[in-house]
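> Take this structure, written in structure tokens, and hold onto it; I'll ask about it next.
Where a number appears in this text, it was derived from the coordinates with a stated rule and is not lab data. These figures come from a predicted structure and were not determined experimentally. Reconstructed Cβ throughout: ideal geometry from the backbone, glycine too, with neighbour counts over all protein chains shown.
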Amino acid sequence: MAAMRDCVVVGAGAAGMSAALTLGRARQTTLVLDAGRQSNLVAEGIGGLLGNDGRPPADFYAAGHAELQGYGSIDFCRGEVTHAVQEADESFTVTLGDGRRERARSMILAPGMDYRHPQLPGMDERWGDSVFHCPFCRGWEVRDLPMGVLATGAVGVHGALNLRAWSDQVTLLTNGGELTDQQREQLAGGGVDLDERPISGFDGPGTELHGVAFADGGELAIGALLVKTTLYQRSSLARDLGASLTEPDEMLGVEAIKVDAMYRTGVPGLYAAGDASTSVPPSMAAALASGHLAGAAAVVQLAAGY
Ligand SMILES: Cc1cc2nc3c(=O)[nH]c(=O)nc-3n(C[C@H](O)[C@H](O)[C@H](O)COP(=O)(O)OP(=O)(O)OC[C@H]3O[C@@H](n4cnc5c(N)ncnc54)[C@H](O)[C@@H]3O)c2cc1C
């Protein structure tokens, strides 16, 4: 039978490693289990994280891992948690893909999210580069290029108007979706062009974007594309443990684990941090902060013995 640790952390992205650092510094025995697929690994650099602006994500995660290794109470294992249960004494038992079992008195879920964007030819190979979901992450790197926004309705209007902060040439591409007269007026008032034609694909050399092709044979030159993306849970772990999820909201598009201000899920001893429980636009900074708070809340709970 595996030793009972103070906390098991599922996921070693910004949130999980931040939680583990907080736990380790409070001398809590902590096991970090990670499948190694942080959502921004595909990106060239991290945009907008103070002290790490532009740093390659893999470099950032390696540095975080090295910091955790300095704390004797933190263990790190590569592997995917496939199953988790809460026992009668409120401790947690997790099972990994290879059948291994681990136990802990508390648990922090930090598994990130599955980012899904509409599937059109030419998008996947440019994802994280010239095709992106977050202007605060990537807008600076593509500033001043002619840009498209692939979305419709209020989300599209909001995204396109916002993108004007980074470019004077923004076109909302609705891919056949129609806007209301009021939404058209909003776009025109904000200096945003509108193209409602169905799209057949995106092209350009390598990961660069040079244009959008329409089904009617027309083309439009754009150098970057902001795309509406919805975030989904990567597994059923939170549900299996009895945590509640929010409905994906239209603007943010996140199906998040419900938490309070200290990232408690309502299930005793279970916390959720990072993208998986975010109610604000996802970012590395928010993930770090939430991981820290979840870790601190777990320490308080463990120290108090409840
Ligand atoms: C393409 C892209 C580019 C981005 N660029 C930026 C940017 O420039 N700036 C910025 O601030 N934000 C950016 N973001 C957002 C940012 O990456 C996320 O907000 C942040 O990574 C969330 O951290 P996290 O720890 O919650 O999840 P993640 O970083 O996704 O880490 C979760 C970890 O948990 C692991 N895991 C999942 N399930 C299990 C399981 N069952 N068992 C074990 N391990 C598991 C995963 O494999 C992964 O390693 C970007 C996102 C994407 C998709």
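> Per residue, how big is the convex hull of segment 118-227 when only Cα atoms are used? Give it in Å³.
Looking at segment 118-227, the number lands at 85 Å³ per residue.
> Continuing with the same structure: So between D203 and S244, what do we pick up on full extension, going 0.36 nm a residue minus the alpha carbon distance?
10.7 nm
> Sticking with this one: Would you be so kind as to identify which of T230, G189, A243 lies farthest towards the positive end of the dipole of segment 172-306, taking Lys and Arg as +1 and Asp and Glu as -1 on Cβ and the Cα centre as origin?
My answer, from the dipole projection, is A243.
> May I pose another question? Dipole of the chain (Lys/Arg Cβ +1, Asp/Glu Cβ -1, origin at the Cα centre): which of T30, G79, T265 lies farthest to the positive side?
T30
> Helix 57-69 versus the longest principal axis of the chain: what is the Cα-based angle in degrees, 0 to 90, to the nearest 10?
The helix 57-69 is inclined about 10 degrees to the chain.
> Report, to the nearest 10°, how far helix 284-304 tilts away from the longest principal axis of the Cα atoms in the chain, using its own Cα long axis and a range of 0 to 90°.
Approximately 20 degrees, to the nearest ten.
> Mean-square fluctuation check for the chain, GNM, Cα pairs under 10 Å: which of A286, A188, A243 is largest?
Looking only at A286, A188, A243, the largest GNM fluctuation is found for A188.
> Can I ask one more? Take every Cα-Cα pair in segment 203-306 and report what % of them are more than 19 Å apart.
The answer is 57 percent, as a whole percent.
> May I pose another question? Before rounding to the nearest 500, sum -39500 (n - 2.57) across all DSSP H runs of length at least 4 in the chain and divide by the residue total; then give [θ] at 222 nm in deg cm²/dmol.
-7000 deg cm²/dmol
> On the principal axes of its Cα set, how long, how wide and how thick is segment 30-155? Give whole Å, largest value first.
Taking max minus min along each principal axis of the Cα atoms, segment 30-155 gives 57, 34, 26 Å.
> For the pair D98 and D124, what calculated FRET efficiency results from E = 1/(1 + (r/R0)^6), where r is the Cβ-Cβ distance and R0 = 30 Å, to the nearest 0.05? Show your work: numbers first, answer last.
Details: r = 30 Å, r/R0 = 1.00.
It comes to 0.50.
> Between helix 153-163 and the chain, what is the angle of the helix's C-alpha long axis to the longest principal axis, kept within 0 to 90° and rounded to the nearest 10?
Its long axis makes an angle of about 90 degrees.
> Continuing with this model, one more query. Work out how much length E219 to M262 would gain on full extension: take 0.36 nm times their residue separation and subtract the Cα-Cα distance, in nm to one decimal.
Net length gain for the segment: 10.6 nm.
> Using a 10 angstrom cutoff on alpha carbons, build the Gaussian network for the chain and name the most mobile of D89, D75, D98.
D89
> Which of the cysteines found in the chain have nothing to pair with, since no other Cys Cβ lies under 4.7 Å from theirs?
Lone cysteines by the Cβ rule: C7, C77.
> Next up: So what's the chain giving for Cα Rg divided by 2.2 N^0.38 Å, two decimals?
The chain yields a ratio of 1.10.
> Determine the distance separating the Cα centre of segment 288-306 from the Cα centre of segment 194-214; give it in Å without decimals.
47
> Here's another thing I want to ask about it. How would you classify segment 262-301 from its alpha-carbon gyration tensor, with a ≥ b ≥ c the square roots of the eigenvalues: rounded for a/c under 1.5, else prolate if a/b is greater than b/c, otherwise oblate? Walk me through the numbers on the way to the answer.
Details: a/c = 3.32, a/b = 1.63, b/c = 2.03.
Since a/c reaches 1.5 but b/c is at least a/b, the shape of segment 262-301 is classed as oblate.
> Using a 10 Å cut-off around each Cβ, can you sort Y232, Y271 from fewest to most neighbouring Cβ atoms?
On the way: Y232 14, Y271 31.
Listed from fewest to most nearby Cβ atoms, that is Y232, Y271.
> Okay, moving on. Say we join alpha carbon atoms closer than 10 Å with springs in a Gaussian network model of the chain; which of G274, G48, G177 then has the biggest fluctuation?
Maximum among the listed residues: G177.
> Sticking with this structure for a sec: Compactness ratio of segment 1-77: Cα Rg over 2.2 N^0.38 Å, N = residue count?
Cα-based Rg divided by the globular estimate yields 1.15.
> When only DSSP loop residues count, what GluC sites (Glu not before Pro) in segment 144-220 have their Cβ near at most 12 other Cβ atoms within 10 Å?
E178, E208
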